[in-house]
Amino acid sequence: MDFYNQISKGYDELYGEEQLKKLGIIKSSLDIKNNDLLLDVGCGTGISSEFNCKVIGVDPSIELLKRNKKIGVNSIAENLPFKDSIFNFVISVTAIHNFDNVKKSLEEMKRVGKNNFVFSVLKKSGKFDEIKNSIKKYFKIDGIIEEDKDMIFFCRNKQSLN
């Protein structure tokens, strides 16, 4: 996390354009209402949190959270401090490869989400196959959009398909 704390002042300049492109793809693919509650896991400075609904972001980097204009909670993905099934949408944009325990973080996102999940995964990550296989294990994939650097997985909770 020291890396993200150190680059926090220039994060938006370094990654902003790239993140906004992914955000545009995600926004155009989801039907989010003003009264929906969205969790952004690995929210950083909040670039990926720009939705017209209630948004809560989670990030372990205090310095990135200081730059976030939305509600930001200092926590890790593997231990989300929220009740079960509280969020209408759970997203994680180009962050999962940074999590210490991919499976535990996906289990936690599944636990706090209701039925709509979006995971943008860095294709060149050494953890890409592990992440993709874990997403397939825990979620029903409705669609995948391949972007320049990421694959974006649009998912639902398998348990709610009955």
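Among residues of segment 60-70 being surrounded by 15 or more Cβ atoms within 10 Å (Cβ to Cβ) and without any contact (Cβ under 8 Å) to a residue 40 or more places away in the chain, the one that is farthest from K33 (Cα to Cα) is L65.
So if I check each of I91, I135, which one is out of contact with any helix residue (DSSP H, G or I) (no Cβ under 6 Å at 6 or more places or on another chain) and in a helix (DSSP H, G or I)? Just one listed residue meets the conditions, I135. Select from segment 27-51 the residues that are buried (at least 21 other Cβ atoms within 10 Å of the Cβ), in a helix (DSSP H, G or I) and more than 11 Å from the chain's Cα centre (by Cα) and list them in ascending order. The one that is buried (at least 21 other Cβ atoms within 10 Å of the Cβ), in a helix (DSSP H, G or I) and more than 11 Å from the chain's Cα centre (by Cα): I47.
Of all residues in segment 138-162, those satisfying the criterion of being surrounded by 12 or more Cβ atoms within 10 Å (Cβ to Cβ), without any contact (Cβ under 8 Å) to a residue 40 or more places away in the chain and within 14 Å of I26 (Cα to Cα) are D142, I144, M151, F153, C155. Going residue by residue through segment 88-102, is there one that turns out to be open to solvent by less than 10 Å² (accessible area, probe 1.4 Å), within 23 Å of N34 (Cα to Cα) and touching a residue at least 60 places away in the same chain (Cβ under 8 Å)? Within segment 88-102, one or more residues are open to solvent by less than 10 Å² (accessible area, probe 1.4 Å), within 23 Å of N34 (Cα to Cα) and touching a residue at least 60 places away in the same chain (Cβ under 8 Å). Residue pairs whose Cβ atoms lie under 7 Å apart, separated by 6 or more positions or on different chains, with the first residue in segment 121-137 and without any contact (Cβ under 8 Å) to a residue 60 or more places away in the chain and the second acidic (D, E) and open to solvent by less than 30 Å² (accessible area, probe 1.4 Å), are V121/D150; L122/D150; K123/D150.
Does K124 meet the test of being surrounded by fewer than 19 Cβ atoms within 10 Å (Cβ to Cβ), over 12 Å from the mean Cα position of the chain (by Cα) and outside any loop (DSSP other than H, G, I, E, B)?
On the way: surrounded by fewer than 19 Cβ atoms within 10 Å (Cβ to Cβ): yes; over 12 Å from the mean Cα position of the chain (by Cα): yes; outside any loop (DSSP other than H, G, I, E, B): no.
So K124 does not fit the description; no.
The values are calculated or read from the model by the stated rules, or taken from the named source; none is laboratory data. Just so we're clear, the structure is a prediction, and the values are computed from it rather than from any experiment. Here Cβ is always computed from backbone atoms with ideal geometry, including for glycine, and neighbour counts include all displayed protein chains. Note: accessible area is taken over every heavy atom of the protein model, side chains too, but ligands, DNA and RNA are not part of it. Shrake-Rupley method; radii C 1.70, N 1.55, O 1.52, S 1.80 Å.
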